[in-house]
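Quick notes on the structure that follows.
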Amino acid sequence: MVLRSSFFIASILLLTACGGGSSKNDAIPSESPEEKGASLYTVNCASCHGEDGKLGSSGAKDLSVSKLNDKQIEKIIRKGKNAMPSQEAILETDANIKLVIEHVKTLKNKP
(Lines give C-alpha, C1' and ligand atoms only; values in the text may rest on other atoms or scores of the structure.)
Protein backbone atom coordinates (compact mmCIF):
# COMPACT_ATOMS: atom_id res chain seq x y z
CA MET A 1 0.00 0.00 0.00
CA VAL A 2 2.80 2.43 0.92
CA LEU A 3 4.68 1.52 -2.26
CA ARG A 4 1.58 2.15 -4.38
CA SER A 5 0.97 5.55 -2.71
CA SER A 6 4.61 6.54 -3.21
CA PHE A 7 4.43 5.55 -6.88
CA PHE A 8 1.23 7.60 -7.33
CA ILE A 9 2.76 10.71 -5.72
CA ALA A 10 5.97 10.34 -7.76
CA SER A 11 3.90 10.02 -10.95
CA ILE A 12 1.92 13.18 -10.18
CA LEU A 13 5.11 15.13 -9.42
CA LEU A 14 6.70 13.96 -12.66
CA LEU A 15 3.67 14.91 -14.74
CA THR A 16 3.46 18.31 -13.06
CA ALA A 17 7.15 19.01 -13.67
CA CYS A 18 6.91 18.02 -17.34
CA GLY A 19 3.81 20.11 -17.98
CA GLY A 20 5.08 23.38 -16.52
CA GLY A 21 6.77 26.25 -18.22
CA SER A 22 4.12 27.32 -20.70
CA SER A 23 2.95 30.90 -20.79
CA LYS A 24 -0.08 32.74 -22.11
CA ASN A 25 2.02 33.85 -25.10
CA ASP A 26 3.06 30.36 -26.22
CA ALA A 27 1.92 29.58 -29.74
CA ILE A 28 -0.57 26.92 -30.61
CA PRO A 29 1.50 24.64 -32.89
CA SER A 30 -0.81 25.12 -35.90
CA GLU A 31 -0.96 28.91 -35.57
CA SER A 32 0.50 30.91 -38.46
CA PRO A 33 2.61 33.99 -37.64
CA GLU A 34 -0.33 36.20 -38.65
CA GLU A 35 -2.69 34.31 -36.35
CA LYS A 36 -0.23 34.45 -33.46
CA GLY A 37 0.25 38.20 -33.95
CA ALA A 38 -3.52 38.68 -33.96
CA SER A 39 -3.88 36.49 -30.84
CA LEU A 40 -1.16 38.40 -28.98
CA TYR A 41 -2.79 41.69 -29.96
CA THR A 42 -6.23 40.48 -28.83
CA VAL A 43 -4.96 39.30 -25.45
CA ASN A 44 -2.65 42.23 -24.70
CA CYS A 45 -3.82 45.28 -26.68
CA ALA A 46 -7.47 45.05 -27.75
CA SER A 47 -8.93 45.99 -24.37
CA CYS A 48 -7.74 49.58 -24.94
CA HIS A 49 -7.16 49.80 -28.70
CA GLY A 50 -10.09 47.59 -29.78
CA GLU A 51 -10.06 44.59 -32.11
CA ASP A 52 -10.02 46.93 -35.12
CA GLY A 53 -7.60 49.42 -33.50
CA LYS A 54 -10.25 52.15 -33.24
CA LEU A 55 -11.51 51.81 -29.65
CA GLY A 56 -9.43 54.52 -27.98
CA SER A 57 -10.25 53.42 -24.42
CA SER A 58 -8.28 55.17 -21.65
CA GLY A 59 -6.77 57.57 -24.18
CA ALA A 60 -5.42 54.80 -26.44
CA LYS A 61 -4.57 55.97 -29.93
CA ASP A 62 -6.62 54.98 -32.96
CA LEU A 63 -4.24 52.54 -34.65
CA SER A 64 -6.20 52.58 -37.92
CA VAL A 65 -4.96 56.11 -38.66
CA SER A 66 -1.46 55.74 -37.26
CA LYS A 67 1.41 57.11 -39.33
CA LEU A 68 4.08 55.46 -37.16
CA ASN A 69 6.76 53.26 -38.73
CA ASP A 70 7.92 49.90 -37.33
CA LYS A 71 10.68 51.43 -35.18
CA GLN A 72 8.30 53.95 -33.63
CA ILE A 73 5.69 51.28 -32.89
CA GLU A 74 8.36 49.05 -31.38
CA LYS A 75 9.61 51.87 -29.14
CA ILE A 76 6.10 52.48 -27.79
CA ILE A 77 5.53 48.75 -27.20
CA ARG A 78 8.86 48.44 -25.37
CA LYS A 79 8.82 51.71 -23.39
CA GLY A 80 5.14 52.64 -23.21
CA LYS A 81 3.77 56.13 -23.83
CA ASN A 82 1.42 58.33 -21.82
CA ALA A 83 -1.09 55.99 -20.08
CA MET A 84 0.15 52.91 -21.96
CA PRO A 85 2.67 50.94 -19.91
CA SER A 86 5.54 49.01 -21.45
CA GLN A 87 4.41 45.74 -23.01
CA GLU A 88 7.92 44.33 -23.34
CA ALA A 89 7.74 41.97 -20.35
CA ILE A 90 4.18 40.93 -21.17
CA LEU A 91 5.00 40.02 -24.78
CA GLU A 92 8.13 38.21 -23.50
CA THR A 93 10.18 37.93 -26.71
CA ASP A 94 11.43 40.05 -29.60
CA ALA A 95 9.64 37.66 -31.96
CA ASN A 96 6.30 38.29 -30.22
CA ILE A 97 6.84 42.06 -30.35
CA LYS A 98 7.52 41.83 -34.09
CA LEU A 99 4.37 39.74 -34.58
CA VAL A 100 2.30 42.39 -32.80
CA ILE A 101 3.89 45.15 -34.90
CA GLU A 102 2.97 43.26 -38.07
CA HIS A 103 -0.61 42.87 -36.82
CA VAL A 104 -0.88 46.55 -35.86
CA LYS A 105 0.15 47.47 -39.41
CA THR A 106 -2.79 45.42 -40.77
CA LEU A 107 -5.17 47.68 -38.82
CA LYS A 108 -4.07 50.85 -40.60
CA ASN A 109 -6.68 52.49 -42.79
CA LYS A 110 -9.26 49.74 -42.41
CA PRO A 111 -12.80 51.01 -42.97
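Tabulated data for the structure shown
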item	result
Ser57 over 12 Å from Val104 (Cβ atoms), modelled with pLDDT of 95 or more and polar (S, T, N, Q)	no
Answer residue from the range 63-86, given it is of a type outside the set (D, E, K, R), free of Cβ contacts under 8 Å to residues at least 24 places away in the same chain and under 20 Å from Thr106 (Cα atoms) and is surrounded by the fewest Cβ atoms within 10 Å (Cβ to Cβ) among those	Asn69
Tabulated pairs, the range 95-111, first on the phi < 0 side of the Ramachandran plot and modelled with pLDDT under 95, second among the charged types (D, E, K, R) and outside any helix (DSSP H, G or I), C-beta under 8 angstrom, 6+ apart or interchain	Lys110/Asp52
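The values are calculated or read from the model by the stated rules, or taken from the named source; none is laboratory data. Treat the numbers as computed from the prediction; the structure is a model and nothing was measured. Positions of Cβ are backbone-derived with ideal geometry, glycine not excepted, and every protein chain shown enters the neighbour counts.
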